[in-house]
Structure formats: C-alpha cells, structure tokens
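> My questions all concern the structure below.
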Amino acid sequence: MGFFPPLGLEYIAASIEKLVKKVTIIDLRLEKEDIREFTSGVDLVGVSVNWGLEIDQVYRVINNLPKKALKIIGGRYATANVEKLFHDCENIDIIVRGDGEEVMQELIKKGSPVGIEGVSYRVGKKIVHNPNRALSPISDIYPNRKLRRYKYKIANDDLDLGIEIDSICSSRGCPYNCKFCTFSLNPFGQKRSFSARSPESILAEIKNIKAELVVFVDDNFAVDMKRVENLCDLLIKQRINKKYAAAVRIDIANYPEILMKMAKAGFRIFSLGIESTRDETLKQLNKGFTIEEVKKAFEVLRKFNFLYHGYFIIGNIGEDEQDMLRIASFAREIGLDTLSLSRLRCEKYSPLLEIARNAGYIISQDGRVYSEKYSPQKLNDICRQIQKNFYTFFQIIKILKKMVVGGFLSPKLGAALFRYGLKKLLIKLKRAII
C-alpha cells in the first residue's frame, strides 16, 4: 500500500548491527536524495525485492551501486527468481534465498558465501547455488526502528489521514493448508511450521512503538487463542493506548469472551480470508469451512464493533461470472465493511497446479490463472464491477461511521474524507461521460 514501514530490512539491521560499524536503511519509496549520497564508501549494500512490479527500479538502483561494494539481494521475488536476477543484472554478487537474518550474520562473520546455506553467488561467469536453509522458528529479536528516517502514516495521493502506522510480527507460519496460498509454501516447496512469540515479548516491543495504529503482520494472529487472551490481559493491565489490526480466521467467532477482551485491549480491525461464495470452491481450496459456517460466524462477529475486511479470490477454478459477481451482495449480507479482490495464482509447488491444468486453465509466467472464457482483461472488468456494486454510498457512510466510532477519525476528519471521496467519484464520472 506504500505506507507500511520496511519491517524486513529492520529485522536484518537488528541482526547485524553489533557486527558492523554502521547500518543505514534507505526506503526508496520515500527517499528524495540521490542514493549515491548514502552508498559512497560503504562495504555492503543489501536490497530487498518483494514484488515484480518494482523490478525495473531495483535494476536501476543496483546498476548504480559502487563496484567495490558487495551487493546482496534478498526478498520474496529475489528468492523465486534467482537465475533471472543474475542474468539480468551483472552487478549482483549474492542472492539470499529465504529468511535473511541468520544468513547475513554468517556472511559478515565469515566474509565469504562459500558453504553458507541459503545463498547463491557469482564466481566469474558461473553461478553457485548452495543448499537450501531450513526454515527457522521466530525469535524475539526486535526490528531496529531507530534507523527510520521517516514517519509512516496512512496516506493516499493528496490525502493524509494523519494516522501514524507501524507493524509487528508476533508469529511466523500457519498451521492450515489452504491450497491457493502462495505464502504457505516458500519458493522451494518448504512449509513453515507455526511458531509464536510470548505475550510478554510482544508487549515489550509494543511499548517501544510510537505509532497509534499497530498492524500484526502474522499469517494468522489467532492460531492460539489462549496466547491472544494473555496478550490482551497484559495490554489492558498496562493500559497501553493503541489500536490494532490483525488477520484472523472465522473460527475466532467461537471465542466471544476473548473478542470482548480484544475490543477492550484496542483491537479495531480484523481481516478474514473468505475467498469464495461457493461451498464447492471452498472445499477445493481446502479452506476448512462452509458458506453456512461463515454466515453463523458473522452472526457473532456483528455483535462487536470491529471493522471487518474480507479477502476474496477472482477466477477460482470452475466459477462463472455470476459466482464472482455474487461476492458484493454476499459481503454486505454477512457484514463486511471493506473487501479486497485478488486473482487466483498457482506458483511452482501449488497443489492447485494440476487441478487448473486438468480443467483447461492457462497459467501465466507470473503464476496468474485464467481461461479462454475469462481472460485477464475480463477478470479485471469483473473485479471493477464487484467493487462498484459493493462500495455504494451507504457502504461508504458505514465505513466512515465505524472509523469514527473506532477512534480512527474525528467527525471533522471523517467529513473531510467523505468530501475527498466524493471529489474523486465526480472526476471518474466526468471522465466516463467524456
């Protein structure tokens, strides 16, 4: 979204800061200075590449880095596209595949990539791939937020809500096995076991966070509801005055007493993966629940004044246009406030690959799934129609009301946001008429 801090790089910085003289983090989304101002005279430059959309910018940055500096590339996109990056960018020395904290420590201590698991490196014109590194459980290392050069606030284009935002990782991995999930397996087919930090460790980190809105970036924050309850008890006892957002499953509705504690502790936003309006699709995706169970869960959830954000997939195997368009009315029926739509993807080790191919679907180079009947353009058109059908005038009023009640917006700021949205809508209508 553009306004989340670079938590991954801050974890890397925290893991190596005692091994080097100085560490600097440069956020290229926000930095106005020439990057050469920061890289002159440095020994090592690490670049995080997570999405293919930014690859052209990344190439320009890497190609302008000092020849004498060691250039190490990491991140999810880099992990999945090792050969491509080495081929396209001769200035890359090492690529870290997977988690980077332990690898970077070993690289700095050893001074060489030879024998270090989880790295690929260049030797003349040859690329050497060391064995994969086993996935480690989460540690209690805190990201180094002191290196931030900016405040991260929720903003879009020319609108700034004035809400400072931060993120925190309290667990890694997920015990569930949804077949569509591109994060369940890493690019080598490894499944990360669920591991979690203690409530006391999370509380200690939260105390050092200045932002008023803290987003838990866990795949599923509510795997262990006893841990969640213990954390809430600590937050309430310590009177920590912050607001929290987290990704959860509909199973959380089975714990109304803990939901009450979460509300008291400051939790305000829940995001839930629902993915489809069809039982057949949910079974195919191995979601572990039915549409009727979703409806029953929201009968409980609607009793609490959280803001609910739902995720749905467009282009599921076997679904037609009516199935997809039904998302808007279903989302409003169960009580979602906002929703996100994503295209179905099948990466290298996805269990959906064989199902998609057998059903005659096409899989693009970047893993997007489509068919002759539902081309990428057609699926994009359906996405736009769902968004249009869902975000009605009354739905927007409902969202603003929840944001005011939840303490995110003052009535004055809510009115300003409404005027901003109305202005954008009028511009779009004018363009459509022209």
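> Can you tell me which residue among Glu205, Glu229 is open to solvent by less than 50 Å² (accessible area, probe 1.4 Å), touching a helix residue (DSSP H, G or I) at 6+ places or on another chain (Cβ under 7 Å), at pLDDT 95 or above and of a type in the set (Asp, Glu)?
Glu229
> Here is a further query. Just to verify a result, which residue in segment 1-41, among those that are of a type in the set (S, T, N, Q) and more than 25 Å from the chain's Cα centre (by Cα), is farthest from Ile62 (Cα to Cα)?
The qualifying residue farthest from Ile62 (Cα to Cα) is Ser40.
> Tell me whether segment 280-291 contains one or more residues that are part of a loop (DSSP other than H, G, I, E, B), of a type in the set (Gly, Ala, Ser) and buried (at least 16 other Cβ atoms within 10 Å of the Cβ).
no
> Checking the condition of a type in the set (A, V, I, L, M, F, W, C), at pLDDT 90 or above and under 28 Å from the mean Cα position of the chain (by Cα), which residue from Ile127, Ile95 passes?
Just one listed residue meets the conditions, Ile95.
> Pick out the one residue from Phe267, Phe304 that is of a type in the set (A, V, I, L, M, F, W, C) and within 21 Å of the chain's Cα centre (by Cα).
Phe267 is the lone residue from the list that is of a type in the set (A, V, I, L, M, F, W, C) and within 21 Å of the chain's Cα centre (by Cα).
> Tally the residues that are assigned to a loop (DSSP other than H, G, I, E, B), among the aromatic types (Phe, Trp, Tyr) and either in contact with an Asp or Glu (Cβ under 7 Å, 6 or more places away or on another chain) or surrounded by 14 or more Cβ atoms within 10 Å (Cβ to Cβ) (or both), restricting the search to segment 1-52.
Residues flagged as assigned to a loop (DSSP other than H, G, I, E, B), among the aromatic types (Phe, Trp, Tyr) and either in contact with an Asp or Glu (Cβ under 7 Å, 6 or more places away or on another chain) or surrounded by 14 or more Cβ atoms within 10 Å (Cβ to Cβ) (or both) within segment 1-52 amount to 2.
> Which pairs do you get when a residue that is farther than 21 Å from Asn389 by Cα and among the small types (Gly, Ala, Ser), found in segment 332-352, comes within reach of a residue that is open to solvent by less than 10 Å² (accessible area, probe 1.4 Å) and modelled with pLDDT under 95, reach meaning Cβ atoms under 8 angstrom, with the pair 6+ apart or on two chains?
Matching pairs, first to second residue: Ser350/Gly367.
> Which ones in segment 292-349 are aromatic (Phe, Trp, Tyr) and part of a helix (DSSP H, G or I)?
If the condition is that a residue be aromatic (Phe, Trp, Tyr) and part of a helix (DSSP H, G or I), then Phe298, Phe330 are the ones that fit.
> Go through segment 112-141 and report how many residues are within 29 Å of Phe4 (Cβ to Cβ) and buried (at least 17 other Cβ atoms within 10 Å of the Cβ).
Looking only at that region, the number is 6.
> Which one is modelled with the lowest pLDDT, of the residues in segment 71-85 that are closer than 17 Å to Asn132 by Cβ and not aliphatic (A, V, I, L, M)?
Arg76
> Now for a separate question. State whether the residues of segment 267-277 include one that is open to solvent by less than 60 Å² (accessible area, probe 1.4 Å), at pLDDT 95 or above and on the phi > 0 side of the Ramachandran plot.
Scanning segment 267-277, I find at least one residue that is open to solvent by less than 60 Å² (accessible area, probe 1.4 Å), at pLDDT 95 or above and on the phi > 0 side of the Ramachandran plot, so the answer is yes.
> Out of Phe304, Phe312, Phe298, Phe270, report the one residue that is closer than 27 Å to Ser371 by Cβ, in contact with a helix residue (DSSP H, G or I) (Cβ under 9 Å, 6 or more places away or on another chain) and among the aromatic types (Phe, Trp, Tyr).
Going through Phe304, Phe312, Phe298, Phe270 in turn, the sole match is Phe312.
> Looking only at segment 66-111, count every residue that is touching a Ser or Thr at 6+ places or on another chain (Cβ under 6 Å) and open to solvent by less than 10 Å² (accessible area, probe 1.4 Å) and tell me the total.
1
> A further question on this structure: Report the residue count in segment 6-42 for those that are of a type in the set (Asp, Glu) and touching a Lys or Arg at 6+ places or on another chain (Cβ under 8 Å).
Summing the residues that are of a type in the set (Asp, Glu) and touching a Lys or Arg at 6+ places or on another chain (Cβ under 8 Å) in segment 6-42 gives 3.
The values are calculated or read from the model by the stated rules, or taken from the named source; none is laboratory data. It should be emphasised that the depicted structure is a prediction, and the values quoted were computed from it without experimental measurement. Ideal geometry is used to build each Cβ from the backbone, glycine not excepted, and the neighbour counts take in all protein chains shown. Surface areas here come from the heavy atoms of the whole protein model, side chains and all, with no ligands, DNA or RNA. Shrake-Rupley method; radii C 1.70, N 1.55, O 1.52, S 1.80 Å.
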